[in-house]
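K.L.:
Sending over a structure as structure tokens; questions will come in a sec.
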Amino acid sequence: MVIIIKKITILCAALFISFIFSTTTGQAAVETHYVGFNDQLLDFSDVQVINEDTKVPLEEIAAYLDIPYETEKGNTFIRKQNLEIIYNETSNITTKNGTPLSSVPFVRIDGKLFISVKFIATEIGYKIENFPKQKTQRIYRDDWIRMSHAEYEVYLNQQMKSKQTQTKPGKATIYLTFDDGPNKFTAVNNATLKKYKVPGTFFFLGNNMKKNSSIIKSVVKEGHYIGTHSMTHDKNKVYKSANSFINEMNEGTKLIKEMTGLDSKLVRTPYGSKPHITTAMKNELIKNDYKLWDWDVDSQDWKYTDKQANQIVKNVKVGVEKAFKSGDKDIIILLHDRSQTTKALPQIIEWLQKEGYTLKTYEPKQHIVQNFLYDTSL
């Protein structure tokens with residue numbers, strides 16, 4: 001009897017809150033609160049603060065935190081390891097491993113499902129640090145390399161100042177970049193770019209270049225830019241020391257010069273620049289006049305199969321829209337020369353062109369600073 005009364009009480013409270021939400025929404029949200037993840041400041045299409053609880057679109061935070069979820073017949077399921085969270089939209093009740101919660105972590109606003117940042121982050125093993133002055137919640141883990149909270153607060157102040165001075169953006173320029181070639185999938189991606197009359201930027205591995213000269217010639221012929229992605233992509237070799245690091249970059253660019261006649265000074269380091277590049281490695285890049293590109297949008301194409309190519313397209317759409325809405329006018333997309341990417345690429349290009357974005361290749365004389373080290377000299 002006590003259990004029945006408890007469930008009825010939760011249901012009534014949930015329905016009342018649901019009614020309040022349904023009658024108070026309808027206008028576009030003004031961005032006044034923010035969410036950070038480790039050393040980033042995340043971009044969401046909408047952030048809602050309800051009863052001092054920050055909520056963001058489930059679809060978007062799931063992409064950032066790699067949260068598997070599915071919706072079926074009015075129920076939303078989140079299953080990760082030993083955790084199962086189920087949200088029922090009819091009753092507005094959320095259960096965790098079968099037990100109803102008294103809180104309301106989910107809410108649907110203007111047709112979009114939102115989730116509490118604090119709830120989902122802590123449930124899947126993260127911590128939360130609040131920065132009241134910057135109206136920001138930071139998601140982090142103690143065992144990950146990251147800025148201290150004091151350093152992150154300085155970073156937030158810089159970002160807030162930048163947002164205050166931003167003008168309304170026009171349509172952005174997109175740079176499609178492809179890592180890990182050349183290989184047989186490079187040839188397919190090159191053909192797709194040619195079909196749509198779109199230029200790209202390729203970051204080649206030196207060891208792969210040695211056995212794919214014909215593919216390299218085709219890429220150069222179509223006017224795409226080639227940068228180095230190291231010789232081996234072996235984390236233990238590349239980042240063993242500052243000397244081994246710069247040798248991998250120098251050997252890669254030397255090979256590009258020998259095989260194409262082009263002087264390339266653009267590099268993308270394996271797995272991204274942070275946290276792998278030390279100060280000594282960075283200084284070697286600067287000393288050798290290199291420029292470093294990471295990315296704005298991670299397609300996460302490496303983790304999917306051919307049959308899941310639509311998820312790659314979805315990741316790109318969500319990422320580009322976030323970057324564009326944040327005011328980014330030069331958006332760099334990370335892709336790879338892989339089978340699943342060849343399946344997704346036509347849809348990605350068609351969507352970008354339909355949305356009115358301009359697609360370009362890297363232009364050395366108009367270098368865009370985009371690196372996770374936040375170093376303008378690179």
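The values are calculated or read from the model by the stated rules, or taken from the named source; none is laboratory data. These figures come from a predicted structure and were not determined experimentally. FYI the Cβ positions are ideal-geometry reconstructions off the backbone, even for glycines, and counts take in every protein chain you see. Please note that ligands, DNA and RNA were not included when accessible areas were found on the heavy atoms of the full protein model with its side chains. Shrake-Rupley method; radii C 1.70, N 1.55, O 1.52, S 1.80 Å.
K.L.:
Would you check which residues across the stretch 77-103 are closer than 30 Å to Phe131 by Cβ, polar (S, T, N, Q) and surrounded by fewer than 19 Cβ atoms within 10 Å (Cβ to Cβ) and list them?
P.N.:
Gln81, Ser102, Ser103
K.L.:
Looking at the stretch 202-213, is at least one residue free of Cβ contacts under 8 Å to residues at least 12 places away in the same chain, within 24 Å of Trp295 (Cα to Cα) and polar (S, T, N, Q)? Before you say what the answer is, go through the steps one by one.
P.N.:
Keep residues of the stretch 202-213 that are free of Cβ contacts under 8 Å to residues at least 12 places away in the same chain, which gives 211.
From what's left, within 24 Å of Trp295 (Cα to Cα): none.
So far as the stretch 202-213 goes, no, none of its residues is free of Cβ contacts under 8 Å to residues at least 12 places away in the same chain, within 24 Å of Trp295 (Cα to Cα) and polar (S, T, N, Q).
K.L.:
Go through Thr232, Thr269 for me and flag whichever is open to solvent by less than 20 Å² (accessible area, probe 1.4 Å) and in a loop (DSSP other than H, G, I, E, B).
P.N.:
Working: Thr232 fails: open to solvent by less than 20 Å² (accessible area, probe 1.4 Å).
Exactly one of Thr232, Thr269 is open to solvent by less than 20 Å² (accessible area, probe 1.4 Å) and in a loop (DSSP other than H, G, I, E, B), namely Thr269.
K.L.:
Next question. Given the criterion among the hydrophobic types (A, V, I, L, M, F, W, C), open to solvent by less than 50 Å² (accessible area, probe 1.4 Å) and over 19 Å from Phe178 (Cα atoms), identify the matching residue among Leu292, Leu285. So that I can check it myself, show each step before the final result.
P.N.:
Numbers: Leu292 fails: over 19 Å from Phe178 (Cα atoms).
It is Leu285.
K.L.:
Let me ask something else about it. Pairs needed: first member in the stretch 237-262, without any contact (Cβ under 8 Å) to a residue 40 or more places away in the chain; second member anywhere, of a type in the set (Phe, Trp, Tyr) and crowded, with 18+ Cβ neighbours inside 10 Å; C-beta distance under 9 Å; at least 6 residues apart or different chains.
P.N.:
Val238/Phe245; Phe245/Tyr239; Thr253/Tyr290
K.L.:
Any residue at all in the stretch 226-239 that's among the aromatic types (Phe, Trp, Tyr), within 21 Å of Asp294 (Cβ to Cβ) and in contact with an Asp or Glu (Cβ under 6 Å, 6 or more places away or on another chain)? Steps first, answer last, please.
P.N.:
Let us first name the residues in the stretch 226-239 that are among the aromatic types (Phe, Trp, Tyr), namely 239.
Still in the running and within 21 Å of Asp294 (Cβ to Cβ): 239.
Narrowing further to those that are in contact with an Asp or Glu (Cβ under 6 Å, 6 or more places away or on another chain): none.
Checking the stretch 226-239: not a single residue is among the aromatic types (Phe, Trp, Tyr), within 21 Å of Asp294 (Cβ to Cβ) and in contact with an Asp or Glu (Cβ under 6 Å, 6 or more places away or on another chain).
K.L.:
Does Ser116 satisfy being open to solvent by less than 50 Å² (accessible area, probe 1.4 Å), over 29 Å from Val316 (Cβ atoms) and of a type in the set (Ser, Thr, Tyr)? Full working, then the answer.
P.N.:
Working: open to solvent by less than 50 Å² (accessible area, probe 1.4 Å): yes; over 29 Å from Val316 (Cβ atoms): no; of a type in the set (Ser, Thr, Tyr): yes.
Judged against the criteria, Ser116 is not a match.
K.L.:
Considering only the stretch 272-308, how many residues are assigned to a helix (DSSP H, G or I) and aliphatic (A, V, I, L, M)? Spell out the reasoning first.
P.N.:
Within the stretch 272-308, the first condition is being assigned to a helix (DSSP H, G or I), and the residues that meet it are 279-287, 301-303, 306-308.
Narrowing further to those that are aliphatic (A, V, I, L, M): 280-281, 285-286.
Number satisfying all stated conditions: 4.
K.L.:
Within the stretch 359-378, how many residues turn out to be more than 18 Å from the chain's Cα centre (by Cα), surrounded by 14 or more Cβ atoms within 10 Å (Cβ to Cβ) and outside any loop (DSSP other than H, G, I, E, B)?
P.N.:
Qualifying residue count, the stretch 359-378: 2.
K.L.:
Touching a Leu at 6+ places or on another chain (Cβ under 9 Å), polar (S, T, N, Q) and assigned to a helix (DSSP H, G or I): which single residue out of Asn157, Asn189 fits that description? Write out each step before concluding.
P.N.:
Details: Asn157 fails: touching a Leu at 6+ places or on another chain (Cβ under 9 Å).
Of Asn157, Asn189, the one residue that is touching a Leu at 6+ places or on another chain (Cβ under 9 Å), polar (S, T, N, Q) and assigned to a helix (DSSP H, G or I) is Asn189.
K.L.:
Please specify each residue of the stretch 129-149 satisfying the condition of being part of a strand (DSSP E or B) and buried (at least 16 other Cβ atoms within 10 Å of the Cβ). Walk me through how you get there before you give the answer.
P.N.:
So in the stretch 129-149, the residues part of a strand (DSSP E or B) come out as 129-131, 136-140.
Listed by number, the residues that qualify are Phe131, Thr136, Gln137, Arg138, Ile139, Tyr140.
K.L.:
Still on this structure, please answer the following. Identify all residues within the stretch 72-93 that are modelled with pLDDT under 90 and either assigned to a loop (DSSP other than H, G, I, E, B) or among the polar types (S, T, N, Q) (or both); write none if there are none.
P.N.:
Of the stretch 72-93, the ones modelled with pLDDT under 90 are 72-74, 80-82.
Within the stretch 72-93, Lys73, Gly74, Gln81, Asn82 meet the criteria.
K.L.:
Go through the stretch 319-335 and give me each residue that's surrounded by fewer than 20 Cβ atoms within 10 Å (Cβ to Cβ) and either of a type in the set (Asp, Glu) or at pLDDT 95 or above (or both).
P.N.:
Glu321, Asp328, Asp330
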